[in-house]
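Some notes on the structure that comes next.
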Amino acid sequence: MARTAVVLFNLGGPSDPDAVEPFLFNLFSDPAIIALPNPMRWLIARLVSRRRAPIAREIYAQIGGKSPLLDETRNQAQALDAALGPDFKTIIAMRYWHPLTAEAVAEVKASGAEQIVLLPLYPQYSTTTSASSARAWATEAKSAGLRIPTASVCCYPDQPGLIAALADGVRAGLAEAGPASRVLFSAHGLPKRVVDKGDPYPQQVERTAAAVVAALGGQIDSVVCYQSRVGPLEWIGPSTEDELARAGRDGVPVVVVPIAFVSEHSETLVELDIEYRHRARELGVPGYVRVPAVGCHPAFIAGLADVVRTAVMEGVSS
């Protein structure tokens, strides 16, 4: 029996075309995403998920009809278990699709674990990701009567293993695209009003990028930018597309780095690999190289293991 359950928080993604609309409904009915009271939030989530489902199905059709995120996260969980040893058992808690938080709570309860470490697969903290998963965990754990001492990892934007894995990717990308290339550290965007309320996400993304640049010796042309904007709200910038346009005007190749995504999913495999690659060609960018997400890079997994061990050493609270 594993003594410590490590709960990996991640977004989740549809398992087949029929799951796309309910996945989107779960996403948009989260108050961290649409900050309105019910029943207004429920009604908007229902409307938006129905309207967006056909577009989303087309996106997922380009990568096999489903999200690869669960398979990716399972691989990371297995690698983390191997790094931590037999006293630990990693359990996945997806926020918006199976295995959902309630399922993970039930698995932890049945495991007989003596303590829990909650570990988000979001290196940078945001109220829309890590905090949302933590709230869902607290609600479901209370409902299930799960009373086990628990430590929560907030974030790890400049954890050495993460930075080493990202730096390896950038180094390989620059070797392919050429040393005169511009590195675009592309992160998922947020509405500006979320950041104006104090969300630390963009500052932590900047910390990650700065640490990677420092690890590479500091002599690279780079910029942090943001992708995946949806809806009419003003989002933080600069946008990844705007930076592609600037690279086109400057005549420099780009190395695109998913700086906040640690697993491959639709935002990397479709948005970065297909849509932005095509857009870069239209904008006259002379070269486009996309660095893989860190995934199961040994340095990243070792870094996660260090984060978990530190959480255990510092103690857990009931």
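Look at where the Cα atoms of the stretch 188-230 and of the stretch 101-121 average out, and the two centres are 31 Å apart. Longest stretch of the chain clear of exposed loop sites (GluC sites (Glu not before Pro), DSSP loop, at most 13 other Cβ atoms within 10 Å, sites excluded): 1-233.
In this structure, the amide hydrogen of Val254, modeled 1.01 Å from its nitrogen in the peptide plane, lies closer than 5 angstrom to those of Arg182, Gly287, Tyr288, Val289, counting only residues at least 5 positions away or on a different chain. Of the trypsin sites (Lys or Arg not before Pro) in the stretch 1-87, the ones in a loop by DSSP (not H, G, I, E or B) with at most 16 other beta carbons within 10 Å are Arg3.
Determine the percent antiparallel among the DSSP beta bridges restricted to the chain, to the nearest 5.
Working: 2 of 35 bridges.
Taking every DSSP beta bridge with both residues in the chain, the antiparallel ones total about 5 percent.
Go through [x] 21.5; [y] 16.1; [z] 18.7 and flag the label whose value is the computed mean projected area of the Cα convex hull in nm² for this structure. Among [x] 21.5; [y] 16.1; [z] 18.7, the one derived from this structure is [y]. Note that the stretch 61-72 has calculated 3J(HN,Hα) couplings of 4, 6, 10, x, x, 8, 7, x, 5, 5, 4, 4 Hz, one per residue in order, obtained from phi through the Karplus relation 6.51 cos²θ - 1.76 cosθ + 1.60 (θ = phi - 60°); glycine and proline are x. Annotation for the stretch 92-157: trypsin sites (Lys or Arg not before Pro) lying in DSSP loop with at most 12 further Cβ atoms inside 10 Å of their Cβ are Arg147.
In this structure the amide hydrogen of Ser126, modeled in the peptide plane, comes within under 5 Å of the amide hydrogens of Ala131, none closer than 5 places in sequence on its chain.
Candidate cross-link partners of Lys142 among the lysines, defined by an alpha-carbon separation under 25 Å and a same-chain spacing of 8 or more, comprise Lys89, Lys109. Remark: Met94, Met40 ranked as Met40, Met94, counting other beta-carbon atoms within 10 Å and listing the fewest first. Phi-derived couplings, Karplus 6.51 cos²θ - 1.76 cosθ + 1.60 at θ = phi - 60°, listed residue by residue for the stretch 285-294: 5, x, x, 9, 10, 10, 7, x, 4, 5 Hz, with x used for Gly and Pro. Restricting the trypsin sites (Lys or Arg not before Pro) of the stretch 168-269 to loop positions (DSSP other than H, G, I, E, B) with no more than 10 neighbouring Cβ atoms within 10 Å leaves Lys197. Whole-Hz Karplus values for the stretch 177-185 come out as 8, x, x, 7, 6, 9, 8, 9, 7 Hz, taken residue by residue from phi with 6.51 cos²θ - 1.76 cosθ + 1.60 and θ = phi - 60°; glycine and proline positions read x.
Give me the percent relative contact order of the chain, please, defined on Cα pairs under 8 angstrom at least 6 residues apart. The partial results should precede the final answer.
Values: 566 pairs, mean separation 70.8, N = 318.
22 percent.
Considering helices alone, the calculated mean residue ellipticity of the chain at 222 nm is -14500 deg cm²/dmol, with DSSP H runs of length four and up weighted by -39500 (n - 2.57) and normalised per residue.
Normalised by the number of residues in the stretch 160-290, the average gap of Cα pairs under 8 Å and 6 or more apart makes the relative contact order 34 percent.
A short reminder: the numbers here are calculations on the coordinates, not readings from a lab. Worth saying up front: this structure is predicted, and the values here are computed from it rather than measured. No Cβ is skipped: glycine too gets one built from the backbone with ideal geometry, and neighbour counts run over all protein chains shown.
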